[in-house]
Amino acid sequence: MSFGKFLSVVCFCLPLSLPSFAASKTFSDLQSKSGWSGYALLPPSWGICSSCSSTGSRLKWSWSPKVSSPSMDGLSTKSYYGAGTDQWGDVLWNNHLVGSFSSVGLPDTSHTLGASMHTFTYDVYFWIAKASVAQALEFDINQFTGGKSFIWGHECRVAGGHEWDVYDNVNHKWSPTGVACNPISGAWNHLILQVERTSGNNLLFKSITLNGKTAVLNRTYSPTSTSWHGITINYQLDGNRYKTPYAVYLDKLKFTMQ
């Protein structure tokens, strides 16, 4: 639904291989690790609500790691969107991987590690009892380097239309891809997102793979400006007009940068 919150041709084939730009770093089982911060995002601007707490009246949320069931390996995390007073509220979770506040010990004070990374893969399993109650599920990869902000936002509009949207950084809006998004209820869904910062410093949305079916996007967008340096990932639950509570379980969340 929203992104500035922090925030084609379709074929079915094998996931794309990653070109070699720099040494690869992979972080596994991130859903069970520390570093996740949650925020309420409320209409009409969907900016971070600085006065909202996770147990407040406007929107409730929780992040509960190391859940044994449903789980693939005993390390799933339950992410919960709870009913509040506001319609269309969203809950955003963000994790700093490279740069200030790094949760994995990579402060990158010289700003060289983050700058050397060009290709990124977000690989996660998620489980939802009744997918139709989710307005949208969002998974984002964010890089900030060289004075430029690269936000690879991916939104699976479930109740919002069963289609993948990607984020247009410059125009601050979501762009429909024409790619269907139909997560399975009561089962583990496997999602793989592949993106790239091109040699010309543009955002390339390469592919989306959901439950073994790959849609090749090859969509290019321009970045915006920033003074921050780092690499982060986002995960988000969007609420529907009825403020229906729901939970999504995450497992085997793996992030690779190269």
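The values are calculated or read from the model by the stated rules, or taken from the named source; none is laboratory data. Every value quoted in this text rests on a predicted model; they were computed, and no experiment measured them. All Cβ positions, even for glycine, are placed from backbone atoms using ideal geometry, and neighbour counts span all protein chains on display. Only protein heavy atoms, including side chains, enter the accessible area calculation; ligands, DNA and RNA are left aside. Shrake-Rupley method; radii C 1.70, N 1.55, O 1.52, S 1.80 Å.
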Provide a single number: the residues in the range 44-57 that are open to solvent by 40 Å² or more (accessible area, probe 1.4 Å) and farther than 30 Å from Gly74 by Cα. 7
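Here's the yes/no breakdown for (1) among the hydroxyl-bearing types (Ser, Thr, Tyr); (2) more than 28 Å from Leu42 (Cα to Cα); (3) assigned to a loop (DSSP other than H, G, I, E, B):
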| site | (1), (2), (3) |
| --- | --- |
| Trp93 | no, no, no |
| Phe101 | no, no, yes |
| Asp108 | no, yes, yes |
| His111 | no, yes, yes |
Quickly run through the range 166-193 and pick out the residues that are in contact with a Lys or Arg (Cβ under 7 Å, 6 or more places away or on another chain) and open to solvent by 10 Å² or more (accessible area, probe 1.4 Å). Ser185
Considering only residues that are open to solvent by less than 20 Å² (accessible area, probe 1.4 Å) and hydrophobic (A, V, I, L, M, F, W, C), which ones fall in the range 211-220? Ala215, Leu217
Six or more apart or on different chains, Cβ under 6 Å: which pairs go from a residue in the range 218-235 that's within 15 Å of Asp165 (Cα to Cα) to one that's open to solvent by less than 60 Å² (accessible area, probe 1.4 Å) and part of a loop (DSSP other than H, G, I, E, B)? Could you list them? Thr220/Asn202; Tyr221/Asn169
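Can you confirm whether Phe150 is within 26 Å of Phe101 (Cβ to Cβ), open to solvent by less than 30 Å² (accessible area, probe 1.4 Å) and in contact with a Leu (Cβ under 6 Å, 6 or more places away or on another chain)?
Yes, satisfied.
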Return the pairs, sorted by first residue and then second, in which the second residue is open to solvent by less than 40 Å² (accessible area, probe 1.4 Å), the first residue lies in the range 99-118 and is acidic (Asp, Glu), the beta carbons are less than 6 Å apart, and the residues are 6+ apart or on different chains. Asp108/Val98; Asp108/Gly99; Asp108/Gly114
Filter result for the condition that a residue is among the aliphatic types (A, V, I, L, M) and in contact with a Leu (Cβ under 6 Å, 6 or more places away or on another chain), over Val98, Val133: Val98
Given the residues Ser62, Ser100, Ser37, which is the only one that is open to solvent by 30 Å² or more (accessible area, probe 1.4 Å), at pLDDT 95 or above and under 26 Å from Tyr242 (Cβ atoms)? Ser62
For the range 194-210, which positions are assigned to a loop (DSSP other than H, G, I, E, B) and either surrounded by 22 or more Cβ atoms within 10 Å (Cβ to Cβ) or of a type outside the set (S, T, N, Q) (or both)? Gly200
What number of residues within the range 106-138 are buried (at least 17 other Cβ atoms within 10 Å of the Cβ) and closer than 18 Å to Trp88 by Cα? 7
Under 7 Å between Cβ atoms, which residue pairs at least 6 apart in sequence (or on different chains) link something in the range 63-86 that is charged (D, E, K, R) with a partner that is in a loop (DSSP other than H, G, I, E, B) and crowded, with 18+ Cβ neighbours inside 10 Å? Lys66/Leu75; Asp86/Leu59
Which ones in the range 67-82 are assigned to a loop (DSSP other than H, G, I, E, B) and either surrounded by fewer than 18 Cβ atoms within 10 Å (Cβ to Cβ) or in contact with a helix residue (DSSP H, G or I) (Cβ under 7 Å, 6 or more places away or on another chain) (or both)? Ser68, Ser69, Pro70, Met72, Asp73, Gly74, Leu75
Within the range 22-30, is there a residue that is open to solvent by less than 50 Å² (accessible area, probe 1.4 Å), over 21 Å from Tyr249 (Cα atoms) and either aliphatic (A, V, I, L, M) or in contact with a helix residue (DSSP H, G or I) (Cβ under 8 Å, 6 or more places away or on another chain) (or both)? yes
